[in-house]
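First up is the structure itself, then whatever we jot down about it.
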Amino acid sequence: MSSDDAAAFDVKQGDSLILRLSGERSIIFPDVAVRIDPAFALDLHIDQDEANAANLRTGDEMEVIGKNGKLLSSTGR
């Protein structure tokens, strides 16, 4: 993610996020590494087997539900 995205999500290089995909095949990714660079875009890269298992397609959006192993409260903190 970009530096601006990192500030918006209140994360730093090396943090991890817990992501949830809702839909036909709801799935949680519990340990997604955060990598930050001013030239980066907000994006998630997973292997083909994981994408197929979750029925993920390019452009699908996921929800951040936690950070560094802890779920966020309903207020997003």
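Mean projected area of the Cα convex hull of the chain, taken over all directions, amounts to 5.3 nm². Using Cβ point charges alone (K and R +1, D and E -1), the dipole size of the chain about the Cα centre works out to roughly 320 debye. Hey, rough spin-label estimate for N55 and A8, points 7 angstrom out along Cα→Cβ, what's it come to in nanometres? Here the modelled spin labels are 2.8 nm apart.
Counting only protein heavy atoms, what percent of the accessible surface of the chain is carbon or sulfur at a 1.4 Å probe? Could you put the intermediate results ahead of the total?
Details: 2720 of 5680 Å².
Whole-percent figure for carbon plus sulfur exposure: 48.
Restricting the stretch 28-73 to trypsin sites (Lys or Arg not before Pro) that sit in a DSSP loop and have at most 16 other Cβ atoms within 10 Å of their own Cβ leaves R35, R57. Annotation note: GluC sites (Glu not before Pro) in the stretch 13-66 located in DSSP loop regions with a Cβ neighbour count of at most 16 within 10 Å are E24, E61.
I need to check one value: relative contact order of the chain, counting alpha carbon pairs closer than 8 Å and at least 6 residues apart, in percent. List each step's numbers first, then the result.
Numbers: 102 pairs, mean separation 30.1, N = 77.
About 39 percent, as a whole number.
The values are calculated or read from the model by the stated rules, or taken from the named source; none is laboratory data. Since the structure is predicted, the reported quantities are computational estimates derived from the model, not experimental observations. Don't worry about glycine lacking a Cβ; one is built from the backbone with ideal geometry, like all the others, and counts go over all protein chains shown. The area values use the complete protein model at the heavy-atom level, side chains included, leaving out ligands, DNA and RNA. Shrake-Rupley method; radii C 1.70, N 1.55, O 1.52, S 1.80 Å.
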